[in-house]
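The block underneath contains the structure these notes are about, expressed in structure tokens.
The values are calculated or read from the model by the stated rules, or taken from the named source; none is laboratory data. For clarity, every value in this text was computed on a predicted model and none was experimentally measured. When we count neighbours, we look across all protein chains shown, and the Cβ atoms used for this are built from the backbone with ideal geometry, even at glycine. These accessible areas exclude ligands, DNA and RNA; they are computed on the full protein's heavy atoms, side chains included. Shrake-Rupley method; radii C 1.70, N 1.55, O 1.52, S 1.80 Å.
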Amino acid sequence: MTATSLPPDPAPRVRIRVHRLVLYTVLVAVTGLFVGPFGWLILSGLKTPAELAASPVHWLPTDVQWHNFADAFHLIDFLGYARNSLIIALIYATLVTLSSAWVGFGFARLDAPGKKTLFGILIGSMMLPQMITLLPTYLIFAKLGMVDTYWPWVLWGLAAAPYLVFLFRQFFAGLPRELEEAAIVDGCGYGTIFWRIFLPQSWPVLSASFVIAFTWSWGDYIAPQLLLSTDRSTLAVAVMSTYVTSAGTPVANLQAAASVMYVVPILLIFLIAQRGFVAGMSTTGLK
């Protein structure tokens, strides 16, 4: 007798489809939480002041005000402030990425007494709120004559950033020891090993660190407001402080339109460097 074949059990396929449906639903909900505020910002930039102040809320603009973006662009020196922000962000992001890579290389590949203690102190410094160091930082730069200059961002960049040091340290610690041993046998010092062997292999972390540092500097409001005059200030400060009426009341629709244009460069940079950013964030945790 031949055994009759039983029909396949559909239960596993049904469970897989249910799990995928639940997963996609969660992903769509989380995406909505992140994209929703930006979408609301765009809608706010297309409304009139009366629609923004209306109660109940007008979700969609009755008469789309495209000219709000042109007005926001021309009412201030938008390109001038954007140029200041770009200069500061490029200076800081480039310097802090390289200095953090150098410090991370030292923590990962060099042995010295107290290295673990120093690394613990470095990581612990990430817990300090920026407001605690605000007044001492201003006093130091004022004594050095660096207020209303871009030198503070140069010094901050050369001083490395604890979080970026951690990223580079994790990445460099995962590279095989044979790389530097072979270079030492060939007569290379640690400076040459870093610049010619380790740094070229760390492009994912370099990309991620540059994007993170650029975003930090581009989005910083407190430091430019504290250290720079109006002419040298950044776009973040201009967007928050210059779109006001004669009575000092913020013009919300123009602020929203300007904020959309302010965010666009960050989105473009992330889209361009997305592959390297994701690869850098994932490879740093392999070890």
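Remarks
- Between W59 and T25, the C-beta separation translates, for a Förster distance of 22 Å, into a calculated FRET efficiency of about 0.45.
- Rounded, prolate or oblate (a/c below 1.5 giving rounded, otherwise prolate when a/b exceeds b/c) for segment 196-267 by Cα gyration tensor: prolate
- Cα Rg, Dmax, the chain, angstrom units: 25.6, 98
- Computed with every protein chain present, the accessible area of V14 is close to 80 Å² [probe 1.4 Å].
- Along each principal axis, Cα extent of segment 132-206, largest first, Å: 48, 23, 17
- Accessible-area value, T230, 1.4 Å probe, nucleic acids and ligands omitted, Å²: 90
- Projected label distance in nm at Y138 and Q225, using a 7 Å step from Cα toward the beta-carbon: 1.1
- Net length available on complete extension from R196 to I16 is 60.0 nm, with 0.36 nm assigned per residue and the Cα-Cα distance removed.
- Using only alpha carbons, segment 25-167 has a radius of gyration to Kirkwood radius ratio (Rg to Rh) of 1.13.
- Accessible area per residue (1.4 Å probe, heavy atoms of protein chains only) ranks K47, K143 as K143, K47, with the largest value leading.
- Apolar share of the accessible surface for the chain: 70 percent from carbon plus sulfur atoms, 1.4 Å probe.
- Projecting the Cα atoms of N253, H19, P113 onto the dipole axis of the chain, where Lys and Arg carry +1 and Asp and Glu carry -1 at the beta carbon, places H19 farthest toward the positive end.
- The Kirkwood hydrodynamic radius of segment 141-274, based on inverse pair distances between different Cα atoms, is 18.3 Å.
- Extended-chain gain in nm, criterion 0.36 nm per residue less alpha-carbon gap, L33 and I184: 49.2 nm
- Largest-first ordering by accessible area, 1.4 Å probe, given options F38, F105: F38, F105
- Segment 141-189-segment 103-118 distance, computed between alpha-carbon centres (Å): 12
- Annotation: per residue accessible area for segment 167-236 equals 47 Å², rounded to a whole number [probe 1.4 Å, protein chains only].
- Hydrodynamic radius of segment 8-57 per Kirkwood, over alpha carbon pairs, in Å: 14.0
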